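The values are calculated or read from the model by the stated rules, or taken from the named source; none is laboratory data. What you see is a predicted model, and the numbers here were worked out from it, not measured in a lab. Glycine gets a Cβ as well: all are built from the backbone with ideal geometry, and neighbour counts include every protein chain shown. Calculation scope for accessible area: heavy atoms of the full protein, side chains included, ligands and nucleic acids excluded. Shrake-Rupley method; radii C 1.70, N 1.55, O 1.52, S 1.80 Å.
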Amino acid sequence: MTDLTPRAAAKRQQIMDAALAVFLENGYVGASMDQVAALAAVSKQTVYKQFKDKEHLFRSIIEDVGDRVDDPFVEISEQVAETDDVERAIHELAGRFVTTIMDPRVQQIRRLVIGEAVRFPALGRAYWERGFGRAIATVAGCFARLDERGLLKVEDPMTAANHFAGLLLWIPSNRVMFHGRTDAVSAEELGTFAASGARAFLTAYGTPS
């Protein structure tokens with residue numbers, strides 16, 4: 001796309017923000033360009049001027065979401081990798097991981113992308129690679145460093161990172177997905193899942209004191 005003027009770029013982002021809300025509420029099939037135009041407070045012609053059709057708009061918003069998300073675990077993973085108190089650090093990482101991934105908006109977008117992965121497989125893969133896949137790789141690097149320092153026993157860091165994520169997220173994420181509500185898990189329950197998942201991970205990958 002050619003460079004946009006600041007005003008045109010702001011208008012485009014206004015439409016994309018409205019479109020994301022519409023797609024989250026109605027899914028791809030149930031969403032319409034009329035709904036997007038109404039929520040964005042622009043004419044339908046303006047929407048079509050920026051995006052040639054609904055498919056182009058959908059692809060654009062999912063790519064935009066992925067591009068705007070920085071890896072939220074880089075800083076804390078670097079801190080954990082250099083810790084001398086691995087038990088405390090793993091519990092802190094678990095809390096951050098659960099809080100970030102179980103954010104209601106993150107879960108809503110995840111459900112939307114999964115729901116349309118058959119229709120848009122390349123988009124699903126790209127979203128995974130830019131988001132959760134990148135986070136798993138960051139955590140794997142952290143575990144590899146802890147293994148080098150003798151604080152964890154990790155043969156395959158990527159497998160360990162996926163085990164870590166699974167222990168933390170299997171229950172709350174599936175509950176949210178199948179209940180269809182982001183409030184299906186309370187903040188107190190998320191804290192419990194983070195703590196129990198961290199303990200299980202340390203039992204599996206920790207070294208004798």
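What accessible area per residue, rounded to a whole number of Å², is obtained for the range 124-183 using a probe radius of 1.4 Å?
55
Quick one: what does P(r) look like for the chain with 10 Å bins over all Cα pairs, in whole %?
Bin by bin from 0 Å, the calculated values are 8, 30, 28, 19, 11, 3, 0.
Once the piece of chain linking R119 and K49 is laid out straight, how much longer is it, given 0.36 nm per residue of separation minus the C-alpha distance between them? Each step should come with its number before you reach the end.
Numbers: separation 70, 0.36 × 70 = 25.20 nm, distance 2.41 nm.
The span from R119 to K49 would gain 22.8 nm if fully extended.
Send over a whole-number figure in Å² for the accessible area per residue of the range 1-122, probe 1.4 Å.
Accessible surface, normalised per residue, equals 56 Å².
For the chain, modelled as a GNM with alpha-carbon contacts under 10 angstrom, which of G115, G30, G166 fluctuates the most?
Residue with maximal mean-square fluctuation among G115, G30, G166: G30.
Largest first and in whole Å, give the semi-axes of the range 41-123's equivalent ellipsoid, each being the square root of 5 times a Cα gyration tensor eigenvalue.
Three semi-axes, in Å: 38, 13, 11.
Where a Cα-Cα gap under 16 Å defines reach, which lysines qualify for K52, not counting those fewer than 8 residues away within the same chain?
Those lysines meeting the cut-off are K11, K44.
Where the centre of each part is set by its Cα atoms, how far does the range 1-65 sit from the range 86-154, in angstrom?
Between the Cα centre of the range 1-65 and that of the range 86-154, the gap is 28 Å.
Looking at the range 41-139, which GluC sites (Glu not before Pro) are in a loop (DSSP not H, G, I, E or B) and have at most 15 other Cβ atoms within 10 Å?
Those satisfying the criteria are E82.
Straight distance only, please: which aspartates and glutamates reach the Cα of K153 with their own Cα at less than 14 Å, same-chain residues fewer than 8 apart left out?
In chain and number order, the partners are E87.
Using a 1.4 Å probe over the heavy atoms of the protein chains, calculate the carbon and sulfur portion of the accessible area of the range 142-209 as a whole percent. Spell out each step's value before the answer.
Details: 2110 of 3840 Å².
In the range 142-209, the share of accessible area belonging to carbon and sulfur is 55 percent.
For the chain, with only Lys/Arg (+1) and Asp/Glu (-1) charged at the beta-carbon, what is the dipole magnitude about the Cα centre, in debye rounded to 20?
So the dipole magnitude of the chain works out to roughly 940 debye.
How much length, in nm to one decimal, is gained on full extension between A10 and W170, taken as 0.36 nm per residue of separation minus their Cα-Cα distance?
So the extension gain works out to 53.8 nm.
For labels at D103 and T159 in the simple 7 Å Cα→Cβ model, what's the distance in nm?
3.2
May I ask you to list the trypsin sites (Lys or Arg not before Pro) in the range 160-209 that are in a DSSP loop and have at most 16 other Cβ atoms within 10 Å of their Cβ?
Here the sparse-neighbourhood loop sites are R181.
Using only DSSP helix segments of four residues or longer, with each worth -39500 (n - 2.57), what per-residue ellipticity at 222 nm results for the chain after dividing by its residue count and rounding to 500?
Counting only the DSSP helices, I get -25000 deg cm²/dmol.
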